[in-house]
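The values are calculated or read from the model by the stated rules, or taken from the named source; none is laboratory data. What you see is a predicted model, and the numbers here were worked out from it, not measured in a lab. Positions of Cβ are backbone-derived with ideal geometry, glycine not excepted, and every protein chain shown enters the neighbour counts.
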Amino acid sequence: MKEFAYHRPSQIREALTMVVGNEGAQYLGGGTNLVDLMKDGVEMPTRLVDVRHLPLDGVRAAPGGGLVIGATTTNSDAAAHPEVRRRYPALSQAVLAGASGQLRNMATVGGNLLQRTRCAYYADPSQPCNKRSPGSGCSAITGEHHNHAVLGWSDHCVATHPSDMAVALAAFDAVVRYETLDGTHEIPLSEFYLPVGATPQHETVLPSGALITAVSLPKSAVSPRSQYRKVRERASYAFANVSIAAALDVHEGTVRSARIALGGVASCPWRARVAESVLQDGAATADKFRAAADAELSAAKPLRDNGYKVTLARNLIEAVLTELAARTK
Amino acid sequence: MNAFPTSASADAERPAGHRTVTPSADPANPPMSAVGTARTRVEGPGKVTGSVRYAADEPMQDLAFGWVVTSTVTRGRIRDIDISAVEGMPGVLGVIDHRNAPRLNLEAGSFFGPDGGMHLLQNDEVPHSGRPIALVVAETMEQARSAAAALRVTYDEEPHDVNFSLEHPAARPATSFFGEDATVGDVDAELAASAVVVDERYRTPEEHGAAMEPHSATAWWEDERLQVIDSNQGPFLVAMTVATLFSLDPAQVRVRAPHVGGGFGSKSAGCGPQLVLAVMATTTLGRPVRVTLTRSQVFQTVSMRPATDQRVRIGADADGRLRAIDHASAFEVSELADYLENCTELSNTLYAASAIRTRRTAVPVDILPPYSVRGPGATPGSFALESAMDEVAERLRMDPLELRLRNEPTVGPVSGLPFSRRNLVACLREGARRFGWVTRDHRPRTRREGRLLVGTGMAATSFGAGALPSSASITAETDGTFTVAIGASDIGTGARTALSAVAAEALRVDPEQIRLLIADSDLGPAWSAGGSRGTTSWSWAITEAAAELRSQLGDATLPLTVSFDTTESLGELPPMERHSYSAVFSEVTVDPATGEVRVRRLLGMFAVGRVINPLLARSQLVGGMIMGLSMALHEEGVRDPATGRHVNADFAGYHIAAHADVPDIEADFVPDYEPGDPSGIKGVGEIGTVGTAAAIANAVWHATGLRQRTLPIRLDRVLEERVGAENSATRCDLR
Amino acid sequence: MTDDIRSEILLHVNGRTHRLSVDNRRTLLDALREGMGHTGPKKGCDRGQCGACTVLLDGRRVVSCLTLAVAADGAEVTTVEGLADDGELRPLQQAFIQLDGFQCGYCTPGQLCSAIGMLAEHAAGWPSAVTADISPDGPAPELDAGEVRERMSGNLCRCGAYPSIVRAVLETASREEVTR
């Protein structure tokens, strides 16, 4: 870990001026990922700007019926918030399925969106990795990739995004709000993460120095009937092999609305729009759920050792939709 | 004081007068209650208030911190270590590598011979990925870590080989240090004559002790003596190894290991890298140096259980009588050091069969030298043997419990020696009774609860018991108390509590009158906390010393000190089959749509000799079973097939069971007694681990109908296609 | 704005205020252990992957190995050394001893601090990943063995003292939640 300076601004603009234009400067949230990567020598900031004393904490109702979750709200507070639990239960479940009680008390909502992959090669500076060291190659494609991507990857990177929270946010059409010296900006989460392509080092559309200030959730009729399910190699305290956030609104046997996002399968939370369109206005039957899953996963390209993820994702889509249908019929 | 029911009956079988040296065997003086009573740990208050000190906790004046640098390639030579960027960094005191490190005695090793795993920084060769190649020492650990990261190392890489298998061309017969392979009867003829034959391969991966305390050593010179505080399982043996390694007079070396945060074998292999490097650094720099391994370095630099690849053939008659057991076992070794993963231990002793053949094969590959991890050999071997036994029962459509009962030997099936005390049947029957085994439908995939499949399984197990030479001294103090000194170590076993009880019984005083000194090599020769032989070895020495002291106490002037070394007493023991036994029963649920396996119930009945402290013994057995559960479902050291590098060398990648994976676990004792031990004890450290993986794998088969012959039972190995179709009709009507 | 690589900070540890000059790289764990002599919190992984370093930071359980000391400037820290009240063990500590909720003891400081923090979270009505109904309108989740196991899963124990730890937490939960 290299030496660095530490600052603790209390105003957003003050924070921005400390980071914008300073290549070595980074925002520090809960530190659960950044400090870890600094110890590995993957991140080497020369200046840390602590954002947790900015006025960005808390969950509040948004005009129009949605919710706004401040960027420095801890995962714990987001998951425990009554309105999150009432209106977006899968979001609360997703957060609670992540990490441990201690880490959730530290990690922030803004930082969670910017979590880096848990690919072992990314965390090991002695090994090639295009995400960490562009142009050095991807070790995982030929190496160990049991828990790597099956959707949307490129020859340059097969890493997955590790967040649980972001999977639920993707299903609920969340919008990321961020601040630059030019003012306030918003972007849908679906456009927030960049495709892997040839530049896996560029993960989001955030301009350099921009500060995430909040995540807003639009009002949704279907979100209260939602569920998050995570499958992992231990019963708790492990990253997902595959996870799913789904919401389903069934009326008289017909799907009025379906939302599905998958975790652990791609470089970003994978919104299963193909499956959703198969389901829309169709019969809420197991056959249809399976057909939707098949349609979504027909694009999957498993590697040598992670083909099980396709089966697992398909089974999960079907199982969770079946459960939601049974609940909401 | 104890919340558990105790098993006082564990003593019931005890004979009246088995050895005259044991004071408590004197019929005129019945044994005191110290042994056999549940007592809480003497260091408990210190452990719950954070006041007990582990190796990295000792405050030290003028302490410098060493940071280990490890190789990033798997095989080759170091071309250059460029220290120019490091030397001027703040706080840096020095860099030690193969060019300036003190020379070591390359004869130093373990009882398997010289151990190149300890011969660090002696040349430019890189024998495996993660090999320590330099130590950077600085004033603070932050400075040391930064400087270590700035060290530029270049290599000339050479091709490596980590592709281990039974058929590997370099496979060679394993060392016969612990006895020859077995050849009893005509295996091929018996197999040909069998009604059913199972012939399967079983594989277990590299597994790590993964004690919670990373290895740490602090070393300094004081009055011409090398002083060391280290986390290890046996300070005396470590001190002897340090003396050999650094060509010092043994009297010059003092090693202490006051509290040790778990070992499981990983702190038993002679002298850990943290200690070798700390001694080098303090010798070179002339001030106290502490070297603590990072978690990743613990995975990459201290010994692990080697991967195994085993072929088991078992032939049986239609009534379940075994005709043949043929167990061929291969395991990884390193060219740096020989080692034996004795996977065939149970095949030699657990069941009667007309013919038994065992073959042990070592396969050298480019990995760090493997060494013992909890239940070495027996644990992966049991997974193979007890899975195969379950497969025999399956093919015979027989109760797997009955199959075990039907093949109970009267003498050692290979050795022909009598059993000192064989209590497997009692474990099997009592375990089955408590588990409710009698109601089991032995056909697979017959129990379903909603989306879950449910199954049960069992395994029988033994583990060798015995003692190794140790010495103890006891002083009768003028105030009526006794000071007991023995070079034991407490790695979490409760040695302080147990040995106080043993000493109290032997001296016929209250445990409160005992002052126990352990964890210091200056206390004299003693075996380490390993091989399930720590407590037996130390208790023996204490018991004999106490008898001697009592015989001299009469009119002696106090204080009076008596010492005893057990080497001779041990030599008088007649050869016998001496083992602990257990039967393990498990119930699992499997979600075939996700491959998730959960252990819902785990029960072990144990015959482990006389139980010194049921509270602590049960903790060790339960903990051992949890390690077996963890091995069954989670643990796997993964190597990159291209680079040979261990890629999941942390707790986020190498999963060990967490709270949520572990149900309430039942462990209890059947009455047992070891006649060859003065206190009647065997050992409880490892047997809990040994049979558990097979019991769980067998339950997964029972739940799913699919046999799991490779550990761990990962979800991708269990996951089924299209299970939804099978379930959905019964689950709910969606319209 | 000056970019100093060291900082002067105040930490209130177990009721005592410490003024420290720290290298900004220093974690709270190392500040406690190396700077203040509080070696109760343990370094098991230094990566937030084991929980042995768990302390209470302003009343909430965190892993001190991923908390920079400078970022904790001004905070109240409770370590395992501060759990007992004037030398009087609290119910949970006593239960750990009585039920043998540890073997080697290395994870114990983290298990204890984590359990105390977890009980406060439960008392505040927080759900967990195994809470069947997370709706805020229903009854608060009952603290059964399954809930304790899930909520404590961030604290690994290689000796396998889990069952005794869970029992100790359950047996003392009502008393510990009241004493807070």
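Restricted to segment A:297-329, and to residues there that are among the small types (Gly, Ala, Ser) and assigned to a loop (DSSP other than H, G, I, E, B), the residue that is nearest to the other protein chains (Cβ to nearest Cβ) is A:GLY307.
Are any residues in segment C:152-180 assigned to a loop (DSSP other than H, G, I, E, B) and either on the phi > 0 side of the Ramachandran plot or more than 8 Å from every other protein chain (Cβ to nearest Cβ) (or both), and if so, which ones? Let's see the steps before the verdict.
Our first condition is that a residue be assigned to a loop (DSSP other than H, G, I, E, B); within segment C:152-180, this holds for C:152-161, C:180.
Within segment C:152-180, C:GLY160, C:ARG180 qualify.
Set side by side, the residues B:ARG645, B:ARG618, B:ARG639 differ, and just one is under 20 Å from C:PRO163 (Cα atoms) and touching a residue at least 12 places away in the same chain (Cβ under 8 Å), which is B:ARG618.
Being in contact with a Pro (Cβ under 6 Å, 6 or more places away or on another chain), buried (at least 24 other Cβ atoms within 10 Å of the Cβ) and of a type in the set (Gly, Ala, Ser) narrows it down to one residue among A:ALA272, A:ALA261, A:ALA245; which is it? Write out each step before concluding.
Numbers: A:ALA272 fails: in contact with a Pro (Cβ under 6 Å, 6 or more places away or on another chain); A:ALA245 fails: in contact with a Pro (Cβ under 6 Å, 6 or more places away or on another chain).
Only one candidate passes the filter, namely A:ALA261.
The rows are residues; the columns are (1) assigned to a loop (DSSP other than H, G, I, E, B); (2) surrounded by fewer than 17 Cβ atoms within 10 Å (Cβ to Cβ); (3) within 14 Å of another protein chain (Cβ to nearest Cβ).
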| site | (1), (2), (3) |
| --- | --- |
| B:ARG99 | yes, yes, no |
| B:LEU106 | yes, yes, no |
| B:GLY117 | yes, no, no |
| B:ASN123 | yes, yes, no |
| B:VAL137 | no, no, no |
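Can you say whether A:TYR193 is among the aromatic types (Phe, Trp, Tyr), under 30 Å from A:GLU23 (Cβ atoms) and either touching a Pro at 6+ places or on another chain (Cβ under 9 Å) or without any contact (Cβ under 8 Å) to a residue 40 or more places away in the chain (or both), as far as the supplied structure shows? Judged against the criteria, A:TYR193 is a match. Among what's in segment A:46-59 and is within 12 Å of chain C (Cβ to nearest Cβ) and crowded, with 22+ Cβ neighbours inside 10 Å, pick the residue that is nearest to B:THR294 (Cα to Cα). Looking at the filtered set, the residue picked out is A:LEU48.
Screening A:TYR121 against (1) surrounded by 24 or more Cβ atoms within 10 Å (Cβ to Cβ); (2) touching a residue at least 60 places away in the same chain (Cβ under 8 Å); (3) more than 26 Å from A:LEU16 (Cα to Cα) leaves a single unmet condition, (2).
Kindly indicate which of A:GLY41, A:GLY30 is surrounded by fewer than 23 Cβ atoms within 10 Å (Cβ to Cβ) and of a type outside the set (D, E, K, R).
Values: A:GLY30 fails: surrounded by fewer than 23 Cβ atoms within 10 Å (Cβ to Cβ).
Testing whether each residue is surrounded by fewer than 23 Cβ atoms within 10 Å (Cβ to Cβ) and of a type outside the set (D, E, K, R) leaves just A:GLY41.
Checking C:VAL63, C:VAL80, C:VAL70 one by one, the residue that is within 7 Å of another protein chain (Cβ to nearest Cβ) and more than 18 Å from the chain's Cα centre (by Cα) is C:VAL70 and no other.
Among the residues of segment B:379-386, is any over 30 Å from B:VAL298 (Cα atoms) and touching a residue at least 24 places away in the same chain (Cβ under 8 Å)? Don't jump to the end; show me each part of the working.
Residues of segment B:379-386 over 30 Å from B:VAL298 (Cα atoms): B:385-386.
If we keep only those that are touching a residue at least 24 places away in the same chain (Cβ under 8 Å) too, we end up with B:385-386.
Checking segment B:379-386: at least one residue is over 30 Å from B:VAL298 (Cα atoms) and touching a residue at least 24 places away in the same chain (Cβ under 8 Å).
On the given criteria, is B:ARG421 in contact (Cβ under 8 Å) with a residue 24 or more places away in the chain, under 24 Å from the mean Cα position of the chain (by Cα) and buried (at least 17 other Cβ atoms within 10 Å of the Cβ)? When the stated conditions are applied, B:ARG421 passes them. Looking only at segment B:593-634, residues that are closer than 12 Å to B:ASP661 by Cβ and among the basic types (Lys, Arg) come to 2 in all. Here A:CYS268 meets each of (1) within 30 Å of A:ALA15 (Cα to Cα); (2) within 14 Å of chain C (Cβ to nearest Cβ) with one exception, condition (2). Residues that are surrounded by 24 or more Cβ atoms within 10 Å (Cβ to Cβ) and either without any contact (Cβ under 8 Å) to a residue 40 or more places away in the chain or among the hydrophobic types (A, V, I, L, M, F, W, C) (or both) do occur in segment B:351-361.
Residue by residue through segment C:35-48, note down the ones that are touching a residue at least 12 places away in the same chain (Cβ under 8 Å), at the interface with another protein chain (Cβ under 8 Å from one of its Cβ atoms) and farther than 17 Å from A:MET1 by Cβ. Give the steps one after another, and end with the answer.
Pass one, segment C:35-48, residues touching a residue at least 12 places away in the same chain (Cβ under 8 Å): C:35-36, C:38, C:40-48.
The next check asks that each one be at the interface with another protein chain (Cβ under 8 Å from one of its Cβ atoms); those that pass are C:38, C:40-48.
Within segment C:35-48, C:HIS38, C:GLY40, C:PRO41, C:LYS42, C:GLY44 meet the criteria.
On inspection, C:GLN93 passes the criterion of being facing another protein chain (nearest Cβ under 8 Å) and either closer than 26 Å to A:ALA79 by Cα or free of Cβ contacts under 8 Å to residues at least 60 places away in the same chain (or both).
Filter segment B:633-655 down to residues that are surrounded by 23 or more Cβ atoms within 10 Å (Cβ to Cβ) and among the hydrophobic types (A, V, I, L, M, F, W, C) and give me whichever is farthest from A:ARG118 (Cα to Cα). If we take residues in segment B:633-655 being surrounded by 23 or more Cβ atoms within 10 Å (Cβ to Cβ) and among the hydrophobic types (A, V, I, L, M, F, W, C), then B:LEU633 is farthest from A:ARG118 (Cα to Cα). Can you spot a residue in segment C:69-84 that is touching a residue at least 60 places away in the same chain (Cβ under 8 Å), out of contact with any helix residue (DSSP H, G or I) (no Cβ under 9 Å at 6 or more places or on another chain), in the same structural domain as C:ARG16 (by TED's automatic domain parsing) and charged (D, E, K, R)? Looking for residues that are touching a residue at least 60 places away in the same chain (Cβ under 8 Å), out of contact with any helix residue (DSSP H, G or I) (no Cβ under 9 Å at 6 or more places or on another chain), in the same structural domain as C:ARG16 (by TED's automatic domain parsing) and charged (D, E, K, R), one finds at least one in segment C:69-84, hence yes.
Scanning segment B:633-645 for residues that are within 13 Å of chain C (Cβ to nearest Cβ) and touching a Leu at 6+ places or on another chain (Cβ under 9 Å) yields one hit, B:GLU635.
Does B:SER630 satisfy being under 20 Å from B:PHE264 (Cα atoms), more than 9 Å from every other protein chain (Cβ to nearest Cβ), crowded, with 23+ Cβ neighbours inside 10 Å and hydroxyl-bearing (Ser, Thr, Tyr)?
Working: under 20 Å from B:PHE264 (Cα atoms): yes; more than 9 Å from every other protein chain (Cβ to nearest Cβ): no; crowded, with 23+ Cβ neighbours inside 10 Å: yes; hydroxyl-bearing (Ser, Thr, Tyr): yes.
No, not satisfied.
One residue stands out among those in segment C:108-151 that are at the interface with chain A (Cβ under 8 Å from one of its Cβ atoms) and outside any loop (DSSP other than H, G, I, E, B): the one that is surrounded by the most Cβ atoms within 10 Å (Cβ to Cβ), which is C:ARG151. Of all residues in segment B:46-80, those satisfying the criterion of being surrounded by fewer than 18 Cβ atoms within 10 Å (Cβ to Cβ) and either free of Cβ contacts under 8 Å to residues at least 24 places away in the same chain or within 12 Å of chain C (Cβ to nearest Cβ) (or both) are B:GLY46, B:SER51, B:ARG53, B:GLU58, B:PRO59, B:MET60, B:LEU63. Every residue in segment A:18-38 that is facing another protein chain (nearest Cβ under 9 Å) and of a type in the set (S, T, N, Q), please. The answer is A:THR32, A:ASN33. Note on segment A:160-202: residues that are crowded, with 21+ Cβ neighbours inside 10 Å and in contact with a Phe, Trp or Tyr (Cβ under 8 Å, 6 or more places away or on another chain) total 9.
In summary, B:GLN143 fulfils each of the numbered conditions (1) within 14 Å of chain C (Cβ to nearest Cβ); (2) assigned to a loop (DSSP other than H, G, I, E, B); (3) over 29 Å from the mean Cα position of the chain (by Cα) with the single exception of condition (2).
Of the strands (runs of 3 or more DSSP E) lying entirely inside segment B:392-499, those carrying at least 3 residues that are touching a strand residue (DSSP E or B) at 6+ places or on another chain (Cβ under 8 Å) and under 30 Å from B:ASP555 (Cα atoms) are B:471-476, B:482-486.
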